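The values are calculated or read from the model by the stated rules, or taken from the named source; none is laboratory data. Bear in mind the structure is a predicted one, so any value in this text is a computation, not a measurement. Note that each Cβ is placed from the backbone with ideal geometry, even for glycine, and that neighbours are counted across all protein chains shown. We work out accessible area using only protein heavy atoms, side chains counted, and drop any ligands, DNA or RNA first. Shrake-Rupley method; radii C 1.70, N 1.55, O 1.52, S 1.80 Å.
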Amino acid sequence: MELSIAEQTLLVLKELAEAGGIGPGKILVVGVSTSEVAGARIGTGGALEVAEQLLSGVNRAAEQFGFSPVFQCCEHLNRAIVMERSLLEQLGLTEVSAVPIPGAGGSMGAAAYRAMTDPVLAETVQAHAGIDIGETLIGMHLRRVAVPFRPSLRYIGQARVNAAYTRPPLIGGERAVYRKQEESGSKLCD
């Protein structure tokens, strides 16, 4: 049985959320080339219908895991991020002025903007995780230490899928401990 685009998206995001602990209070950036999903070269055949199917899968995963999805626009809007105004204000991000449309912002950005209650564009974000459908390059919107994640589905539609979650930087050198340990046997630092 072949999965729909929405189901493929949901499956990949469920795997990513479970692997990276992406839940309430976490931000997940979504970068999409609907052209690639439909089997065309990036930027040549965007489709709102494809974006709406992808959005359905993203929203279902967000409801299930509690993360906040944000959506990367194309390079015509400098890869600005579509999000709800409440999230922008909560994070203290810089708002930029534009309304994404399929020809300037991309079909995914346009569909997400249309579906939100009070949408805005942020200049950038530092997300806890991200999914890149069609090699749109989301890395600029992830936190500094990204952990590559390879989902069981490597394609959504005809587009190659990459994903990542982030972790805090590990600091302290060879004596550093990164998980809570029992008190006995610990060495004190002078």
Which members of segment 38-55 meet the condition of being assigned to a loop (DSSP other than H, G, I, E, B) and open to solvent by less than 70 Å² (accessible area, probe 1.4 Å)?
-> ALA38, GLY39, ALA40, GLY45, GLY46, ALA47
Mind checking which residues of segment 20-29 are among the small types (Gly, Ala, Ser) and part of a loop (DSSP other than H, G, I, E, B)?
-> GLY21, GLY23, GLY25
Could you tell me whether segment 60-67 includes any residue that is more than 18 Å from ASN162 (Cβ to Cβ), buried (at least 16 other Cβ atoms within 10 Å of the Cβ) and among the polar types (S, T, N, Q)?
-> no
Matching option when the condition is open to solvent by 70 Å² or more (accessible area, probe 1.4 Å), touching a residue at least 24 places away in the same chain (Cβ under 8 Å), outside any loop (DSSP other than H, G, I, E, B) and not aliphatic (A, V, I, L, M), among ARG114, ARG160 | ARG160
What residue, of GLY134, GLY173, is over 22 Å from GLY66 (Cβ atoms), under 14 Å from the mean Cα position of the chain (by Cα) and either buried (at least 17 other Cβ atoms within 10 Å of the Cβ) or modelled with pLDDT under 95 (or both)?
-> GLY134
Is it the case that segment 30-37 has a residue that's assigned to a strand (DSSP E or B), of a type in the set (A, V, I, L, M) and modelled with pLDDT of 95 or more?
-> yes
Quick one: TYR113 ticks every box in (1) among the hydroxyl-bearing types (Ser, Thr, Tyr); (2) in contact with a strand residue (DSSP E or B) (Cβ under 6 Å, 6 or more places away or on another chain); (3) within 16 Å of LEU13 (Cβ to Cβ) except a single one, so which number is it?
-> (3)
Do you know which of the residues in segment 176-190 that are modelled with pLDDT under 75 and not charged (D, E, K, R) is most open to solvent (accessible area, probe 1.4 Å)?
-> LEU188
So GLU75 fits all but one of (1) surrounded by fewer than 17 Cβ atoms within 10 Å (Cβ to Cβ); (2) closer than 20 Å to PRO24 by Cα; what number is the exception?
-> (2)
Output yes when any residue across segment 87-95 is of a type outside the set (Val, Ile, Thr) and open to solvent by less than 30 Å² (accessible area, probe 1.4 Å), and no when none is.
-> yes
With the checklist (1) of a type outside the set (Phe, Trp, Tyr); (2) modelled with pLDDT of 95 or more; (3) on the phi < 0 side of the Ramachandran plot in hand, flag the one item GLY92 doesn't pass.
-> (3)
Test SER152 against the criterion of being open to solvent by 20 Å² or more (accessible area, probe 1.4 Å) and not in a loop (DSSP other than H, G, I, E, B), and give yes or no.
-> no
Only residues that are buried (at least 16 other Cβ atoms within 10 Å of the Cβ) and either more than 21 Å from GLU52 (Cβ to Cβ) or touching a Pro at 6+ places or on another chain (Cβ under 6 Å) (or both): list them for segment 137-149, please.
-> HIS141, LEU142, ARG143, ALA146, PHE149
Out of all the residues in segment 67-104, which are assigned to a strand (DSSP E or B) and more than 20 Å from GLY57 (Cα to Cα)?
-> GLU95, VAL96, ILE101, ALA104
